[in-house]
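Following: one structure in structure tokens, then a few remarks.
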Amino acid sequence: MTKEHQIEEKLISKLEELKYSVRPEIRDKDSLKQNFRKKFEALNRVNLSDAEFNRLHDEIITADVFQASQALREKGKFTREDGTPLEYTLVNIREWCKNDFEVINQLRINTDNSHHRYDVILLINGLPLVQIELKTLQISPRRAMEQIVEYKNDTGNGYTNTLLCFMQLFIVSNGNDTRYFANNRKEHFSFNADERFLPIYQHADKSNKKIAHLHDFADDFLAKCTLGQLISRYMVLVQSEQKMLIMRPYQIYAVKAIVDAIHQNRGNGYIWHTTGSGKTLTSFKASTLLKDNPEIEKCLFVVDRKDLDRQTREEFNKFQEGCVEQNTNTEALVRRMLSEDYADKVIVTTIQKLGLALDENSKRNKAQQKNGKQTYKERLEPLRDKRVVFIFDECHRSQFGENHKAIKEFFPKAQLFGFTGTPIFDENSSYQQVDGNLASFKTTEDIFEKELHAYTITHAIEDKNVLSFHIDYYGKDDGKGGQTKPKKKELPPPEAVVKAILDKHDSATNQHRFNAVLATASINHAIEYFELFKTLQVQKQAEDEKAGNSFEPLNIACVFSPPAQIAKENDGNGTGSVNGNKNAADIKQLQEDLPQESADNQVEPEKKKAALMAIIADYNAQYGTNHTINEFDLYYQDVQQRIKDQKYSNADYPRKNKIDVTIVVDMLLTGFDSKYLNTLYVDKNLKHHGLIQAFSRTNRVLNDTKPWGNVLDFRYQENEVNAAIELFSGGAKDKAREIWLVDPAPKVVEAFQKKVDELQTFMESKGLTCEPSEVHNLKGDTAKAEFINHFKEVQKLKTQLEQYTDLDEASKATIEQKLPTDTLRGFKAIYLDTAMELKRKQGKSDDNEEAVEQLEFDLVLFASSIIDYDYIMGLIAKSTQRTGKQKMTRQQLIDLISANANLMEEREDIIAYINSLKAGEALNEKQIREGYQSFKAQKAAQVLTQIAEKHGLKTQALQAFVGGILDRMIFDGEQLTDLLAPLELGWKARRVAELALMEDLVPYLQKQAEGREISGLDAYE
């Protein structure tokens, strides 16, 4: 008996203890269908005829998992044979605990294309909703997920044409390590070289202690009511993306804590969930669950500032279309608060609008009183004694204190809940007036009473939900190539900072794959930096040109708020009074949380305005935009979008459109998220929550090319960093530092040397020297898989070392000596070849060696953000020139292309083209591009001619067939039949000929499609 069978049997016994009915007789499609019929008829108190049931069955089966998931949660309509309507549900959607929970194992959905067997499936009311796959080996979560998705995408595997289409959740376990993830459409699972962060989770208890053993997991996660609640309440169907999300354990605990506090009317509370942990989803879920609580009159989700209002509303509506309407003004807010419409039960609004509604002394309210009309506050009187819930998105905005008293006074029965990523403790509290009392130091606990749940940055880094930090402290040069801590109040010279940034930016941002923010101490400081970058980059360009090097200047943007008092003035279009007032109001609101900028703008506002206008003019010239200071908000939004657009490759979105460094004062240091921002340059005093918020701009998870968030601190604030770590690490203060901060460079150099030694030992154990050419001599797929695993670890550490900005010359020499660049490049090329060979074999045969099936290739580690099509065409052109210091030989060019995953599809063609070029013939880039396109077309025509000859077809007919497919990107099976008609084959022989032809044609079509999907082709893949 295999270990897998033992794990399976023990799990089924455990589920039996949890009161699941074990159904060993359900082993195939028919018995599954009949069992569902019994459950369906009992639930809906109906007896269907065979014809009716078969029709209903066909109606509910869909290839679209998102559509099936919606049907699972809603009432359906069916017309019976006698014309009477039947309203039904597939499961008991009101009380999920009352459904029938069953367990089946070793189910086979046998079809022509698949004989796959499913380990364990949990049925709820006869529908297969949870699949548990059991493994014997160490689990690679990503590979386990990839395998399940491969099975799912196999034609005939039942997920598109049987009751398996209702599958909600996949669980993978080897007994000791258990993970789970939500089912989704094919497009939401991508395992390519650009792979993003995959949503596969581990279960945990309230204190975030992992529950990994399968039996403990079953007790806590698979208990019938818990599982029913998870599927019905804590999975979110994201309408705009047609995507299913499952909430993480800490999000569920937070929602439950708020819902319980409201249900038991237990006062106020706050949720401490670190920046980047998905607070919006948590608060959305809490708000929408309250929508169905009859004791609650209204739930107001309160954000600060207009941009957050818009952003949050879009997020909420993304989760559930139309669930939150736009409040254009305070009047609309008051009207919706008084509305009894179900759609108006949850309202997203800003704290400013709420403040205006409750402020008797506002201009509008005074005018209403004067005219004998009701004020907003008087109109809201009917809500005074009702239970209203307020959820504050970030509960420490400056406006919060002023509105707190008004809310509590007007709504005595209100409950207030706050979310914060960085709570205020005694150590980081500021002197402020709250509730109109005497000013005092206020903490989060003073205002919200108690902490309901905590998920700190320490938890999030451990769970890999956010990244740790690499902090490089810059002090004074000690004359020996090192840095010493500057004296107190000694500031770094801005010129030295700019030079250091120009020197370090490539390695900090992984060769421009990512971008950066420079945080400065004041508006004048930001202006000075902006001018310095311009001057020093021109200087560096001239110096490098003289030395025969090429320096590509960084694209620099700068953003700070303009003086609000000046914004009111005429905008030059004669519309100053209208536009100016609006712009001034927008800026004033913006500056409420920008204390430094607000103070700076009081001094010499005209100068600040002139400088900002010049900065915006430079921006317009660089990016072809047309922004003005009078619509500052549009300029600010454009800067934010451009930072996020770093995600596009240079081929799709040329580098000239992107921003490398954005200079800021207060802006973008809180609440701004972009996975492609990885570096923060700091020339500004930061501490406590301000420091954590600023650093956290860099630590959103992407993939292995972004191992951490980079911080280059030019003020050597090591003590402040240590104090912030201590304050915000929650209960894990003893080990927080090693969790938050990455290993110092020497430690990683040591690890790199060790991994190279292990690669060498492995090669020698196979009787081979540790050279790239020797990898070809490895015998068998298992040995090749071992090479993949060894070299991948080497490359992972090399990628990390390339992003250490504090790597000294001695360390660089050690790395180069241990694994010279040329040897590394050779290994990368052979790795890619071997990876492609083994990847093609994965999942294709039951005879594959286990080591091959378990492989993860991490091709993203081998992709360069610089080496794209344009770059290579430029290099080929340079290599044909007779002069030029940067000329590469053909072989060096070929080695460079071979060692990068970016151009894998075209690698063979580009190398063949380089080899076809005449020696000594100088060509410019335009000639190279045209020459390559014509070479490729010629080669493709030759391949097609060979396929036609091999299969006895006319070349012209095959060309027309292929051309038709590529024009429409649709594969038509009938046209394939027409293509083979001249061969006059019987149906059996024609089927054989068809499969043989498609075996050759599919790779050809995929190559010509250049990554685009050809609809209908997957039947032959």
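A few comments on the model shown:
- Annotation: of all residues in the range 254-266 being more than 16 Å from L300 (Cα to Cα) and without any contact (Cβ under 8 Å) to a residue 40 or more places away in the chain, the one that is surrounded by the most Cβ atoms within 10 Å (Cβ to Cβ) is K256.
- Enumeration of residues in the range 741-753 that are among the β-branched types (V, I, T) and assigned to a helix (DSSP H, G or I): V748, V749
- Residue match in the range 825-842 (condition: assigned to a loop (DSSP other than H, G, I, E, B), at pLDDT 75 or above, of a type outside the set (V, I, T) and surrounded by 16 or more Cβ atoms within 10 Å (Cβ to Cβ)): yes
- Scanning the range 802-817 for any residue that is buried (at least 16 other Cβ atoms within 10 Å of the Cβ), polar (S, T, N, Q), in contact with an Asp or Glu (Cβ under 7 Å, 6 or more places away or on another chain) and more than 22 Å from W708 (Cβ to Cβ) turns up nothing.
- Condition broken by V756, with the remaining ones in (1) modelled with pLDDT under 95; (2) part of a helix (DSSP H, G or I); (3) in contact with a helix residue (DSSP H, G or I) (Cβ under 8 Å, 6 or more places away or on another chain) satisfied: (1)
- Subset of the range 807-824 [part of a helix (DSSP H, G or I) and among the aliphatic types (A, V, I, L, M)]: A810, A813, I815, L824
- Only a single criterion out of (1) surrounded by fewer than 22 Cβ atoms within 10 Å (Cβ to Cβ); (2) at pLDDT 95 or above; (3) of a type in the set (V, I, T) is not satisfied by V603, namely (2).
- N630 being more than 26 Å from the chain's Cα centre (by Cα), free of Cβ contacts under 8 Å to residues at least 40 places away in the same chain and in the same structural domain as P563 (by TED's automatic domain parsing): no
- Filtered by the rule that a residue be under 20 Å from the mean Cα position of the chain (by Cα) and either surrounded by 24 or more Cβ atoms within 10 Å (Cβ to Cβ) or not small (G, A, S) (or both), the range 681-703 gives Q693, F695, S696, R697, T698, N699, R700, V701, L702, N703.
- Scanning the range 321-365 for residues that are in contact with a strand residue (DSSP E or B) (Cβ under 6 Å, 6 or more places away or on another chain) and modelled with pLDDT under 75 turns up V324, N327.
- Checking every residue in the range 77-86 against the condition of being among the β-branched types (V, I, T), surrounded by fewer than 18 Cβ atoms within 10 Å (Cβ to Cβ) and either modelled with pLDDT under 95 or under 30 Å from A212 (Cα atoms) (or both) gives at least one match.
- Residue check: K98 meets all listed conditions (1) under 37 Å from the mean Cα position of the chain (by Cα); (2) under 30 Å from N176 (Cα atoms); (3) charged (D, E, K, R) but one, namely (2).
- Of all residues in the range 42-61, those satisfying the criterion of being surrounded by 12 or more Cβ atoms within 10 Å (Cβ to Cβ) and either over 17 Å from P85 (Cβ atoms) or touching a residue at least 60 places away in the same chain (Cβ under 8 Å) (or both) are A42, L43, N54, H57, I61.
- In the condition set (1) within 28 Å of K243 (Cβ to Cβ); (2) modelled with pLDDT of 85 or more; (3) assigned to a helix (DSSP H, G or I), K318 is compliant with all but (2).
- On inspection, D112 passes the criterion of being farther than 25 Å from G228 by Cα and either surrounded by 14 or more Cβ atoms within 10 Å (Cβ to Cβ) or modelled with pLDDT under 95 (or both).
- Enumeration of residues in the range 267-306 that are touching a residue at least 60 places away in the same chain (Cβ under 8 Å), over 10 Å from Q251 (Cβ atoms) and in a loop (DSSP other than H, G, I, E, B): G267, N268, T274, T275, G276, E295, I296, E297, D304, R305
- Within the range 768-785, being farther than 22 Å from S898 by Cβ and either out of contact with any Asp or Glu (no Cβ under 9 Å at 6 or more places or on another chain) or part of a helix (DSSP H, G or I) (or both) holds for K779, T782.
- Look at the range 963-992: where a residue is within 17 Å of H951 (Cβ to Cβ) and a partner is aromatic (F, W, Y) and outside any helix (DSSP H, G or I), sitting 6+ places away or on another chain with Cβ atoms under 7 Å, you get I965/F971.
The values are calculated or read from the model by the stated rules, or taken from the named source; none is laboratory data. All of these numbers come straight from a predicted model, not from anything done at the bench. Here Cβ is always computed from backbone atoms with ideal geometry, including for glycine, and neighbour counts include all displayed protein chains.
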